[in-house]
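Okay, so here's the structure we're looking at.
The values are calculated or read from the model by the stated rules, or taken from the named source; none is laboratory data. What you are looking at is a predicted structure, and each value in this text was computed from that prediction instead of being measured. Positions of Cβ are backbone-derived with ideal geometry, glycine not excepted, and every protein chain shown enters the neighbour counts. The accessibility values were calculated without ligands, DNA or RNA, using every heavy atom of the protein model including side chains. Shrake-Rupley method; radii C 1.70, N 1.55, O 1.52, S 1.80 Å.
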Amino acid sequence: MTNHNPERAWTLKYGRPAEIWEEALPLGNGHMGAMVFGGTSKERIQLNEDTLWAGFPRDDNNYEAQRYLKQVRELVFAGSYGEAEDIINGHMLGVNTQPYLPLGDLYLEQAGAGNPEGYRRELDLDSGIASVSYQTGNGAFTREAFISAPDGVCAVYTASEAQGQLHLTISLHSPLKHTTGAYGERQLVLRGQCPTHIADNYHGDHPYPIQYEEGLGISFELQLQAVVTGGSVQAEDGKLVISGADSVLLLLAAGTTYEELKNKAAHIRGDIAEDSVAAVSPAEDCARRLQAAASRSYAELRQRHVDEHRRIFRRVDLDLGGWEASEQPTDQRLAAYKEGQEDPALEALLFQYGRYLLMGSSRPGTQAANLQGIWNQHVTPPWNSNYTTNINTQMNYWLAEVGNLSECHEPLIDMVREVSVTGARTAAIHYGARGWVAHHNVDLWRSSSPSGGDASWAFWPMGGVWLSSHLWEHYAFNPDPAYLAQTAYPLMKGAALFCIDWLVEGPDGLLLTNPSTSPENRFVTEAGRPCSVSMGSAMDMSLIRELFGHCLQAARLLGMDEAFQHQLEETLARLSPLKISGDGRLQEWSLDFTESEPGHRHVSHLYGLYPGNLINGKETPDLLEAARLSLEKRIASGGGHTGWSCAWLINLYARLKDGAAAYGFVRTLLTRSVYPNLFDAHPPFQIDGNFGAAAGIAEMLLQSHLGEISLLPALPQHWKNGRVQGLKARGGYEVDLEWKEHVLVSARITASCDGLCQLSYSRALKLQLPDGTVVETSGPLAVKAGVSYLITL
């Protein structure tokens, strides 16, 4: 296997500037995002800020919904599914969430940069730096950009080989309501306001599709400071004009009034005191960060950024060979790959790109990664670029733990905590239930009620239950009793209380959900009508069973809530089980309905296979085979046709230990469902497929969901030789693996806490002791925190 240099291997590279947004290269620190186009005579850097959303805190609950619930349940039990769906659509839905918005654009116009030669545009994942280099008759020019987590600024550095050759005009723009101006000779400020409402599904028939109401929505500020070496700077018409400079460093900081608006809403609810409402203004916040950053040299800023970035990024390395292809431009590699060319290094790049994007869009203290991570150029983005919690938001974080990015999981956990507050009101108002609930869409304002539209997607009160699985997963990978007691368990218990109240007794005396949908899918009623509403969908029942199990484990570990434990045990024993249809497939609904769309993109009924674990070969072999048949039928009918659903298939087949099929969908995704910058194509762009694909690649190499660490469980023939370092396993382990000729050579297991570690592989394993002695290991291995254990054959 060819050795690779991480400083060169993890690079996207191109021989021309980006012409469209999906060719630009992403930067981010969780708080701020940028898309770098790499222009020469005119550079565009499109900017985002994680709290820049339309809307404002408001009560969007439907106060008439609960009075129709009994009638709907009766209709469902009577088999009148269409009538039940009509009532839900007419009386029990809500309003759509508000969209995530673009901040604006930075433009750099450079005189004399036409007809460049030797052009090169790159994104180095290992350093988190995007760069452009080219030559003109005036010499060589370079530009670098990054967004620093330690300093909280975006830095854009331009330099020329010959002195005095930089002639730049710098400007800021935003598609939102804004003003711009120059402050002094070296600073630009853009101030703006977000819309308070953007009309749903606007088609030109609404007089005010975008509404601004003073004092209600979010205000924002973007500040730019220029640090110029040589030449002169002057402000003209709201722009900075730089003449004859040797180098130019642009520092940008952005902020919003979101925290103040959130605090006001919390004060109105009685959650915080009035004196806690005030927050630092965006102007003060930006000025503080810019002043601190400007006090450092560019070299120091760059090194601080690189050191912090590599501290996280370099935790994991993946070598599948084929590194000679990494010298080629990425778009050319993609074209060759689509023609059938082997490129395992491109597959490894896809994995590391997923990790890079999660680092860029989700850091401690920031908002969670939304449908587009943190990158969006549209005022009305697809699906509002919100949090779609019937698969997409959760898929964003499948990679977080196994990819050794546990701290990047924290913003999602913070979001769950906040949704539990709004969701408690929705649970009470909509359903008369305890605990908390979320449906299929969440936005910055933590909307928890059903959206508008159709019951097939809007009426799904299991969003909070699925989100709660991430609370447990974070604990499973990082066993911390304090986190479990103070954060995970209280939130999981709240979701479980809602489920206990939501369950009803079915015709057979068992408990199930009614009404129930299987996200976005429909069956065909006896009258021939496509319909989404019935009872006890497989996904509902799988999620509830899993949540109750997690709550029981947590309560037992913490030694608390004995009465609640008994209630969970009794309820679990009465839950309606998953069913197998007459043709051997796993039923998606409680009855064996005909599917309206046999090739539907969602495979919600297979949740128990992945990301859940209730369907497995050890405990439920019949369900495992039924799941396999369901998957084969869905794919044969056209399923997996979107980028994110293709990524789900990688993970599902990895759990089935079918490396050939899992690898086939890695190839499908890279062939059919990525843009030139490797962004996932739904189409349009959704980032979930990037994260889901990376998670799937990890799942092919390492699994830990059944109380054991399974080594190379779905290794495909195409990855003949390889190694991976730094993947994480449940129980608090880091795992390094090396294999040759498809056979494990060694594994190194490093424990973060004392415990028993059970390993699984297709051949007998041996443990090498510190004194060099080798012993066979078949049972659980007693491990100590901080100690590494070498495993061989």
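If the condition is being of a type in the set (A, V, I, L, M, F, W, C) and either open to solvent by 10 Å² or more (accessible area, probe 1.4 Å) or not in a loop (DSSP other than H, G, I, E, B) (or both), then the range 590-613 contributes L591, F593, L606.
Filtering the range 241-251 for residues that are open to solvent by 20 Å² or more (accessible area, probe 1.4 Å), modelled with pLDDT under 95 and part of a loop (DSSP other than H, G, I, E, B) leaves an empty set.
Any residue at all in the range 465-482 that's over 18 Å from the mean Cα position of the chain (by Cα), surrounded by 24 or more Cβ atoms within 10 Å (Cβ to Cβ) and either part of a loop (DSSP other than H, G, I, E, B) or of a type in the set (G, A, S) (or both)? So far as the range 465-482 goes, no, none of its residues is over 18 Å from the mean Cα position of the chain (by Cα), surrounded by 24 or more Cβ atoms within 10 Å (Cβ to Cβ) and either part of a loop (DSSP other than H, G, I, E, B) or of a type in the set (G, A, S) (or both). Output the residues belonging to the range 46-68 that are touching a His at 6+ places or on another chain (Cβ under 8 Å) and touching a residue at least 40 places away in the same chain (Cβ under 8 Å). Correct list: E49, D50, A54, G55, N61, N62, A65, Q66.
Evaluated against (1) part of a helix (DSSP H, G or I); (2) open to solvent by 20 Å² or more (accessible area, probe 1.4 Å); (3) at pLDDT 95 or above, R8 falls short on exactly one condition, (3).
Taking every residue in the range 465-483 that is farther than 18 Å from P364 by Cβ and pairing it with any residue that is open to solvent by 10 Å² or more (accessible area, probe 1.4 Å) and not in a loop (DSSP other than H, G, I, E, B), at least 6 positions away or on another chain, the pairs with Cβ-Cβ distances below 6 Å are W472/H550. Within the range 501-536, the set of residues being assigned to a loop (DSSP other than H, G, I, E, B), among the hydrophobic types (A, V, I, L, M, F, W, C) and in contact with a strand residue (DSSP E or B) (Cβ under 9 Å, 6 or more places away or on another chain) comprises L510, V533, M535. Tallying residues that are open to solvent by 10 Å² or more (accessible area, probe 1.4 Å) and more than 25 Å from the chain's Cα centre (by Cα) within the range 114-131 yields 8. Checking each residue in the range 307-330 for being open to solvent by 50 Å² or more (accessible area, probe 1.4 Å) and either within 15 Å of L670 (Cβ to Cβ) or assigned to a helix (DSSP H, G or I) (or both) picks out D307, R310, R311, E324, E327, Q328.
Among the residues of the range 735-788, how many are touching a Lys or Arg at 6+ places or on another chain (Cβ under 6 Å), open to solvent by 60 Å² or more (accessible area, probe 1.4 Å) and acidic (D, E)? Number satisfying all stated conditions: 3.
Scanning the range 132-144 for residues that are surrounded by 16 or more Cβ atoms within 10 Å (Cβ to Cβ) and closer than 22 Å to E327 by Cα turns up V132, S133, Y134, A140, F141, R143, E144.
For the range 535-549, the criterion of a residue being among the charged types (D, E, K, R) and either farther than 29 Å from V735 by Cα or touching a helix residue (DSSP H, G or I) at 6+ places or on another chain (Cβ under 6 Å) (or both) is satisfied by at least one position. All but one of (1) touching a Leu at 6+ places or on another chain (Cβ under 8 Å); (2) under 17 Å from A245 (Cα atoms); (3) of a type in the set (A, V, I, L, M, F, W, C) hold for A162, so report the exception by its number. Going through (1) touching a Leu at 6+ places or on another chain (Cβ under 8 Å); (2) under 17 Å from A245 (Cα atoms); (3) of a type in the set (A, V, I, L, M, F, W, C) one by one, A162 breaks only (1).
Taking each residue of the range 592-611 that is aliphatic (A, V, I, L, M) and looking for partners that are modelled with pLDDT under 95 and part of a loop (DSSP other than H, G, I, E, B) with beta-carbon atoms closer than 8 Å, six or more apart or interchain, yields V603/G639.
Among the residues of the range 126-153, those identified as assigned to a loop (DSSP other than H, G, I, E, B) and acidic (D, E) are D126, D151. Restricting attention to the range 638-658 and to residues that are outside any helix (DSSP H, G or I) and in contact (Cβ under 8 Å) with a residue 40 or more places away in the chain, the residue that is most open to solvent (accessible area, probe 1.4 Å) turns out to be K657. Based on this model, can you work out whether G731 counts as closer than 30 Å to G639 by Cβ, at pLDDT 95 or above and open to solvent by less than 30 Å² (accessible area, probe 1.4 Å)? So G731 fails the test. Selection over the range 331-371 of residues that are charged (D, E, K, R), within 25 Å of L52 (Cα to Cα) and part of a helix (DSSP H, G or I) gives a count of 1. Residues in the range 182-196 that are within 29 Å of the chain's Cα centre (by Cα) and part of a loop (DSSP other than H, G, I, E, B): C194, P195, T196. Against the list (1) crowded, with 16+ Cβ neighbours inside 10 Å; (2) in a loop (DSSP other than H, G, I, E, B); (3) at pLDDT 95 or above, the condition P57 fails is (3). For the range 559-582, state whether one or more residues are out of contact with any Lys or Arg (no Cβ under 6 Å at 6 or more places or on another chain), more than 27 Å from L471 (Cα to Cα) and open to solvent by less than 40 Å² (accessible area, probe 1.4 Å). Yes: one or more hits.
Please enumerate the residues belonging to the range 445-467 that are in contact with a Gly (Cβ under 7 Å, 6 or more places away or on another chain) and among the hydrophobic types (A, V, I, L, M, F, W, C).
Scanning the range 445-467 gives W445, A458.
Every condition in (1) among the charged types (D, E, K, R); (2) buried (at least 23 other Cβ atoms within 10 Å of the Cβ); (3) over 30 Å from G779 (Cβ atoms) holds for K720 except the one numbered (2). Can you confirm whether G707 is open to solvent by 60 Å² or more (accessible area, probe 1.4 Å) and closer than 21 Å to G612 by Cα? Answer is yes for this residue. Taking each residue of the range 674-693 that is within 15 Å of Y337 (Cβ to Cβ) and looking for partners that are part of a loop (DSSP other than H, G, I, E, B) with beta-carbon atoms closer than 6 Å, six or more apart or interchain, yields A681/S673; A681/Y675. Of all residues in the range 414-435, those that are over 13 Å from N62 (Cα atoms) and open to solvent by 30 Å² or more (accessible area, probe 1.4 Å) have Cβ atoms under 6 Å from Cβ atoms of residues that are assigned to a helix (DSSP H, G or I) and not hydrophobic (A, V, I, L, M, F, W, C), 6 or more apart or on another chain, in R434/D501. The set of residues in the range 372-413 being surrounded by 24 or more Cβ atoms within 10 Å (Cβ to Cβ), assigned to a helix (DSSP H, G or I) and among the β-branched types (V, I, T) consists of T393, V402.
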